[in-house]
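A.B. asks: I am attaching a structure below and will ask some questions about it afterwards.
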Amino acid sequence: MALAAPTSSGRFGEFGGRYVPETLVPACQELEEAFREAWADPLFRAELDGLLADYAGRPSPLTECHRLSAELGVRVLLKREDLNHTGSHKINNVLGQGLLARRMGKKRLVAETGAGQHGVASATVAALLGMECMVYMGEVDIERQALNVFRMRLLGAEVVPAMSGSRTLKDAVNEAMRDWVATVETTHYCLGSVMGPHPYPWMVREFHTVIGLEAREQCEALLDGGIPDVVTACVGGGSNAIGIFSGFADTDAELVGVEPAGGAAVGRGVPGVVHGMKSYLMQDEFGQVQEAHSISAGLDYPGVGPEHSHLASIGRATYEQVTDAEVIEAFQLLSRTEGIIPALEPAHALAWISRDRAKLAGKTVLLNMSGRGDKDVGQMMEILG
Amino acid sequence: MSLSALDEGLAIPEAPAEHGTLETALRASRDAGRKLLVPYVTGGLGDDWADIVRAVADAGADAIEIGVPFSDPVMDGPVIQEASELALRSGATPVTIFDELRTIDAGVPIAVMTYYNLAFHMGHERFAQSLAAAGVSAAILPDLPLEEVGPWATAADAAGVETVLLAAPTAPDERLPRVVARSRGFVYAVGLLGVTGERDALASSSLVIAKRLKAITDKPVLVGVGISNAKQAVEICAEADGVVIGSALMRRVLEGVGASGAGAFIAEIRAALDAG
């Protein structure tokens, strides 16, 4: 495989680990063991593949952007995770964790959510599998993502506002972890990105490798056996990016993660420990975690998955930053040129291509279109007037 | 599966055999037939936090836990979260708190409770030496479990700072002895499944974990998380050597009882424990 498994203590290089309250250590160990078993079990894999195909709608297509490419002078291919059921890549991970939770005898899922995409995916899978679901969401995000809050409630999940700190994704993770500390015997924490304590960064990556595997095959078919020059994706926690990187880590393709300038853990952070992992983290001079600020609720996070910190530190991937204003432009650009309204998160990756188009001229760039923009239309209507 | 070189760097050093200041004091009190009482006070909260520390010491605390506030306290419930947030907003940092601790002569050992990132960020050696220089005997880092404690414990042991480990109700029997063996000062028994905060009744899990720990160690076993009043403290001390009182005290402090009120609350628990 292209990306290596973590060490036995859950490390990618110096990053990762399992920094959780003692109460949760046995649960993390149990989850790791259950995942290893399930992932090696052909029956589990077959059931997951079946759901990915018949329920989530995989494989997702690869779309060549002719008009956009002509405008930018860069050949842009989109991996269409926005066309999955529930509208983003998040469903890949949640179907995997849902089946795993059921296999472990857990009856209840807790999840954190930023933009609401992971919350919606969790609520969806809980409905599908007949499980209880509670989603923690920052109070600020509940306001800017009202549509997704309604969706989660419609799907039968309880949505609980996280009222502490910045009242965004970081605080939703804190609340979900506090819930799990109290309910660990009956509850599975369905973490939504390649972050948190071991085995989550590894397990969530494995559930998203399907993105990279499909994209690799699709690119080889389209490019006559070739691979794209660049593979890019937005990075908050970094799950969609790891998913698509995993298909190309063993190639010459350049891997580029794009962070929001106001939440650039790799770009502006230093190593730190929060939410169960050691990774790049935006923090003050004493190690207090700083609040991120991004137009995109899904990327409004001061940390990043530990494997991204590792890929950055060994130079296998690079991480760029874009501003909110550049993202708003890219959001409109793709809508206008291709008839595809992107979520604000993948619009970050497009914003980078657009800004650096001179450098990328003539190259083929594969972008992971991790989610669709329906959820952001209300917010953008206010911004664009 | 083989360990990588980096993982070998995580090796957990054996705890030093000699007892530190905190453990020596707690053992002596316990062996004299006294139940141990450790109040928790959030450092840097309000202008009078040092007075509160002295007041609870005078009221009969055997040691005091000082919380150094962290931005993301995942093991804490609403009361300690609020206290931490207020202290941070008023400018409290590890440095300001250590500076002030140096001037407080509480007359009992001090343990600092905080989250690992503050130690990691400052650097293990520097953080451990800062604690020692501030007269702090021990450190409690609730998000640093046994498997990750090695690099910190090495520095703490060298600086003469005792690292107290938490023992949780979820730990299987084979795990508890390993936690106990590495814990210094005392063994912090987590009373229930959940974060810090007051509860109406004593959780039965707190009696169970205290009993399990007492069966395997002669280190002082103190129960914290969910011990809310004198009655519950007496109840749990049927099994445990003592209690940590955090949220119940800090709620009163946040309500404005001041140093005298905080002292009175701890005195009430002290009296109940002494009466048995």
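A.B. asks: Inside segment A:5-41, can you point out the residues that are more than 21 Å from B:Leu165 (Cα to Cα) and polar (S, T, N, Q)?
C.D. replies: Within segment A:5-41, A:Thr7, A:Ser8 meet the criteria.
A.B. asks: Check off (1) in a helix (DSSP H, G or I); (2) touching a residue at least 12 places away in the same chain (Cβ under 8 Å); (3) among the hydrophobic types (A, V, I, L, M, F, W, C) for A:Ala56 and give me the number that stays unchecked.
C.D. replies: Just one mismatch for A:Ala56, condition (1).
A.B. asks: With the structure loaded, tell me whether A:Arg216 is in contact with a Gly (Cβ under 6 Å, 6 or more places away or on another chain), farther than 21 Å from B:Leu193 by Cα and within 13 Å of chain B (Cβ to nearest Cβ) or whether it fails that test.
C.D. replies: no
A.B. asks: Test A:Gly378 against the stated conditions and say whether it is at positive phi and either in contact with a helix residue (DSSP H, G or I) (Cβ under 8 Å, 6 or more places away or on another chain) or not assigned by TED's automatic domain parsing to the domain that holds A:Gln218 (or both).
C.D. replies: No; evaluated as a whole, the condition is false for this residue.
A.B. asks: Listed residues A:Ala292, A:Ala325, A:Ala349; which is surrounded by fewer than 18 Cβ atoms within 10 Å (Cβ to Cβ) and either out of contact with any helix residue (DSSP H, G or I) (no Cβ under 8 Å at 6 or more places or on another chain) or assigned to a loop (DSSP other than H, G, I, E, B) (or both)? Spell out how you get there, then give the answer.
C.D. replies: Numbers: A:Ala292 fails: surrounded by fewer than 18 Cβ atoms within 10 Å (Cβ to Cβ); A:Ala349 fails: surrounded by fewer than 18 Cβ atoms within 10 Å (Cβ to Cβ).
Testing whether each residue is surrounded by fewer than 18 Cβ atoms within 10 Å (Cβ to Cβ) and either out of contact with any helix residue (DSSP H, G or I) (no Cβ under 8 Å at 6 or more places or on another chain) or assigned to a loop (DSSP other than H, G, I, E, B) (or both) leaves just A:Ala325.
A.B. asks: Here's something else I'd like to know. Can B:Pro172 be described as of a type outside the set (Gly, Ala, Ser), assigned to a helix (DSSP H, G or I) and within 13 Å of chain A (Cβ to nearest Cβ)?
C.D. replies: no
A.B. asks: Which numbered condition trips up B:Asp31, out of (1) farther than 27 Å from A:Val289 by Cβ; (2) within 14 Å of chain A (Cβ to nearest Cβ); (3) not hydrophobic (A, V, I, L, M, F, W, C)?
C.D. replies: Every condition holds for B:Asp31 apart from (2).
A.B. asks: Looking only at segment B:141-178, how many residues end up being in contact with a Pro (Cβ under 8 Å, 6 or more places away or on another chain) and surrounded by fewer than 20 Cβ atoms within 10 Å (Cβ to Cβ)?
C.D. replies: Adding up the residues that qualify gives 5.
A.B. asks: Say whether the condition of being charged (D, E, K, R) and part of a loop (DSSP other than H, G, I, E, B) is met by at least one residue in segment A:261-283.
C.D. replies: Scanning segment A:261-283, I find no residue that is charged (D, E, K, R) and part of a loop (DSSP other than H, G, I, E, B), so the answer is no.
A.B. asks: Could you grab the pairs with beta carbons closer than 8 Å, sequence gap of 6+ or different chains, first residue in segment A:217-236 and assigned by TED's automatic domain parsing to the domain that holds A:Ser309 and free of Cβ contacts under 8 Å to residues at least 24 places away in the same chain, second one surrounded by fewer than 20 Cβ atoms within 10 Å (Cβ to Cβ) and in a loop (DSSP other than H, G, I, E, B)?
C.D. replies: Matching pairs, first to second residue: A:Glu220/A:Gly226; A:Glu220/A:Ile227.
A.B. asks: Mind listing whichever residues of segment A:1-25 are surrounded by fewer than 17 Cβ atoms within 10 Å (Cβ to Cβ), within 7 Å of chain B (Cβ to nearest Cβ) and either without any contact (Cβ under 8 Å) to a residue 60 or more places away in the chain or assigned to a helix (DSSP H, G or I) (or both)?
C.D. replies: Of everything in segment A:1-25, just one residue is surrounded by fewer than 17 Cβ atoms within 10 Å (Cβ to Cβ), within 7 Å of chain B (Cβ to nearest Cβ) and either without any contact (Cβ under 8 Å) to a residue 60 or more places away in the chain or assigned to a helix (DSSP H, G or I) (or both), namely A:Ser8.
A.B. asks: Could you tell me which of the residues B:Ser260, B:Ser247 is at pLDDT 95 or above, among the hydroxyl-bearing types (Ser, Thr, Tyr) and either in contact with a His (Cβ under 7 Å, 6 or more places away or on another chain) or more than 27 Å from B:Val180 (Cα to Cα) (or both)? Don't jump to the end; show me each part of the working.
C.D. replies: Working: B:Ser247 fails: either in contact with a His (Cβ under 7 Å, 6 or more places away or on another chain) or more than 27 Å from B:Val180 (Cα to Cα) (or both).
The unique qualifying residue is B:Ser260.
A.B. asks: Select from segment A:59-86 the residues that are surrounded by fewer than 24 Cβ atoms within 10 Å (Cβ to Cβ) and part of a strand (DSSP E or B) and list them in ascending order.
C.D. replies: Selection gives A:Leu62, A:Thr63, A:Glu64, A:Cys65, A:Arg75, A:Leu77, A:Arg80.
A.B. asks: Same structure again: Any idea how many residues of segment B:109-127 are crowded, with 23+ Cβ neighbours inside 10 Å, more than 14 Å from B:Ile97 (Cα to Cα) and either touching a residue at least 60 places away in the same chain (Cβ under 8 Å) or away from chain A (no Cβ under 14 Å) (or both)?
C.D. replies: Of the residues in that region, 1 qualify.
A.B. asks: Of the residues in segment A:232-260, how many are part of a strand (DSSP E or B) and not small (Gly, Ala, Ser)?
C.D. replies: Selection size over segment A:232-260: 8.
A.B. asks: Can you find even one residue in segment A:357-364 that is crowded, with 17+ Cβ neighbours inside 10 Å and either in contact with a strand residue (DSSP E or B) (Cβ under 6 Å, 6 or more places away or on another chain) or among the aromatic types (Phe, Trp, Tyr) (or both)?
C.D. replies: Yes: segment A:357-364 contains one or more residues that are crowded, with 17+ Cβ neighbours inside 10 Å and either in contact with a strand residue (DSSP E or B) (Cβ under 6 Å, 6 or more places away or on another chain) or among the aromatic types (Phe, Trp, Tyr) (or both).
A.B. asks: So is B:Arg89 among the charged types (D, E, K, R) and more than 14 Å from chain A (Cβ to nearest Cβ) or not?
C.D. replies: No: the conditions fail for B:Arg89.
A.B. asks: Failed condition for B:Ser2, given (1) over 28 Å from A:Val273 (Cβ atoms); (2) at pLDDT below 95, with all others met?
C.D. replies: (1)
A.B. asks: Oh, and also: Of all residues in segment A:87-98 being in contact with a strand residue (DSSP E or B) (Cβ under 9 Å, 6 or more places away or on another chain) and part of a helix (DSSP H, G or I), which is nearest to A:Ile244 (Cα to Cα)?
C.D. replies: So in segment A:87-98, the residues in contact with a strand residue (DSSP E or B) (Cβ under 9 Å, 6 or more places away or on another chain) come out as A:87-90, A:94, A:97-98.
Subset that is part of a helix (DSSP H, G or I): A:87, A:90, A:94, A:97-98.
On the way: A:Gly87: 17, A:Lys90: 13, A:Val94: 17, A:Gln97: 19, A:Gly98: 22 Å.
Taking the candidates together, the pick is A:Lys90.
Okay, residues lined up against (1) touching a residue at least 40 places away in the same chain (Cβ under 8 Å); (2) small (Gly, Ala, Ser); (3) within 8 Å of chain B (Cβ to nearest Cβ); (4) farther than 19 Å from A:His348 by Cβ:
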| residue | (1), (2), (3), (4) |
| --- | --- |
| A:Val256 | yes, no, no, no |
| A:Glu259 | yes, no, no, no |
| A:Gly263 | no, yes, no, no |
| A:Met277 | yes, no, no, yes |
| A:Ile295 | yes, no, no, no |
| A:Pro302 | yes, no, no, no |
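The values are calculated or read from the model by the stated rules, or taken from the named source; none is laboratory data. Just so we're clear, the structure is a prediction, and the values are computed from it rather than from any experiment. Neighbour counts are summed over all protein chains in view; Cβ atoms, including those assigned to glycine, are modelled from backbone coordinates with ideal geometry.
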